[in-house]
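See below for the structure under consideration.
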Amino acid sequence: MKRQMLHDLIENAGGCAVTDGGFATQLEKHGASINDPLWSAIYLIKDPHLIKQVHLEYLEAGADILVTSSYQATLPGFSSKGLSIEEGESLLEKSVKLAVEARDGFWNSAIINPGNKYRRALVAASIGSYGSYLADGSEYSGCYGPDVNLKKLKDFHRRRLQVLVEAGPDLLAFETIPNKLEAQACVELLEEESVKIPSWICFTTVDGENAPSGESFKDCLEALNKSNKVDAVGINCAPPHLMENLICKFKQLTKKAIIVYPNSGEPSKCFHDDEFGFNATRWRDLGAKIIGGCCRTTPSTIQIISNALREKS
């Protein structure tokens, strides 16, 4: 049953699965230039082979979940590049296909290896916040202005969600949600579109206490807790030193699985890879069920997290 896939993965991983790390960061390590409003999604156009290569590098590092390169891939964004709606939809589909092809090829090779230590990874289709499309930093402020209401946010996300679901991922990943309104829009879309696959919704935070909008996580999680379409909730792209407190806070506020994939903490309190390993076991022991990395983390970060969790599971 598709709805059980994420929970089954967590169980098979010994109670805590590993998602991948910074996608744009790894593209840049290969010489990619992503100074573009589409961010890493520009490579769906420029060099899809490189996207597949990065997915493979995260699989080799031990990731149990691959997040697609569609975070900043939106139909309005592609349209601004002069692409038609059909071409934009095709690129959204490609983001899923590339991850699925990488996963299937990697798994087919792994299972014939007698010493195989890997699990068959799941593919999560990334849906970035409205603020990430605006590319003005508003995903870190939560301030979308007076003209953005629930209907506008649902209209913005709807077709992208439909296309991504039709492309066949294992789950959906809503990322860097900065306010209660957009969280509500995501939940209502999952319901209205009768989405059958699991999903997670991740907020970000600046102060480690509230959503970027200043709204409490208790308020932001209210709609999510009532929905059986949301399987996990958590935090992404926030500094790692905030995770411990946030996991404890979320444990009190939700019965959903908790996911954390922080950035590296630069420039203020940067975590090195070995610190991620130590802290990953701490985060798991506090109740996190999925752990990974976001901006400025790499396959080496994920390998250390994966090894640390395997050693102490």
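Structural remarks
- The one condition in (1) open to solvent by less than 20 Å² (accessible area, probe 1.4 Å); (2) out of contact with any Ser or Thr (no Cβ under 9 Å at 6 or more places or on another chain) that LEU75 fails to fulfil: (1)
- On the stretch given as the stretch 224-269, residues that are farther than 20 Å from TRP200 by Cα, in contact (Cβ under 8 Å) with a residue 12 or more places away in the chain, in a loop (DSSP other than H, G, I, E, B) and open to solvent by 10 Å² or more (accessible area, probe 1.4 Å) total 3.
- Residue, most open to solvent (accessible area, probe 1.4 Å), within the stretch 85-134, restricted to residues that are outside any helix (DSSP H, G or I), in contact with a helix residue (DSSP H, G or I) (Cβ under 8 Å, 6 or more places away or on another chain) and in contact (Cβ under 8 Å) with a residue 60 or more places away in the chain: LYS117
- Qualifying residue in the stretch 14-32 (condition: crowded, with 21+ Cβ neighbours inside 10 Å and of a type in the set (D, E, K, R)): yes
- Within the stretch 282-295, considering residues that are open to solvent by less than 10 Å² (accessible area, probe 1.4 Å) and outside any loop (DSSP other than H, G, I, E, B), the one nearest to GLU28 (Cα to Cα): ILE291
- Qualifying positions in the stretch 17-55 - closer than 15 Å to ALA121 by Cβ and part of a loop (DSSP other than H, G, I, E, B): ASP20, GLY21
- Flag if VAL148 is touching a Phe, Trp or Tyr at 6+ places or on another chain (Cβ under 9 Å), among the aliphatic types (A, V, I, L, M) and surrounded by fewer than 22 Cβ atoms within 10 Å (Cβ to Cβ): yes
The values are calculated or read from the model by the stated rules, or taken from the named source; none is laboratory data. Just so you know, these numbers come straight off a predicted model, no measurement behind them. Backbone-built Cβ (ideal geometry, glycine too); neighbour counts: all protein chains shown. These area figures cover heavy atoms from the full protein model, side chains too; ligands, DNA and RNA do not enter into them. Shrake-Rupley method; radii C 1.70, N 1.55, O 1.52, S 1.80 Å.
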